[in-house]
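So the structure is just underneath, and the comments pick up after that.
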Amino acid sequence: MVKEELAPPPGGERVRFEPLEADPAPPPPQERSLVEDVSALFEDGKTYAQAELNFQKTRATFAMDRGKKVAMYGAVAGTLAFVALIALAVGLIIALTPLISAWGATAVVVGVLLIGAAILGMMAYSRVKEIMNAFSNKNEAS
């Protein structure tokens, strides 16, 4: 073994380092039979399957919890948006009443809302038709 000597730090003593001895060789592997190997493989498979099942259960519980909250927040947001649209319609009727009378203001606001609903309904219907065409047998190549 070779000993190395380093220069001492300022105001310090010399330090000697000896190289580490090599790790001893690992013990020879124990011989196992094929039956033991298959048994160990089966047990590892059972452990893996149980861990995967527990993971999927936890994941499903998490998704259900978040899904309930999404539904609740979405319902409240939709309700608030609906109330805001009603308030806007009432406000428009009140604002237009001095200009074209109460009945005229009501007719204009309701007419504009019905036109908007018709346009959005036609857009939704065209999207539904696209989806139905995508799944119909007419477009399949023979």
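Coordinate-derived values only; no laboratory data. As the structure is a prediction and not an experimental result, all values here were calculated from the model.
Computed extension length for VAL110-TYR125: 3.2 nm, one decimal, from 0.36 nm per residue of separation with the Cα-Cα distance subtracted.
Under the classification rounded if a/c is under 1.5, otherwise prolate if a/b is larger than b/c and oblate if not, where does region 35-134 fall, given a ≥ b ≥ c as square roots of the Cα gyration tensor eigenvalues? Oblate.
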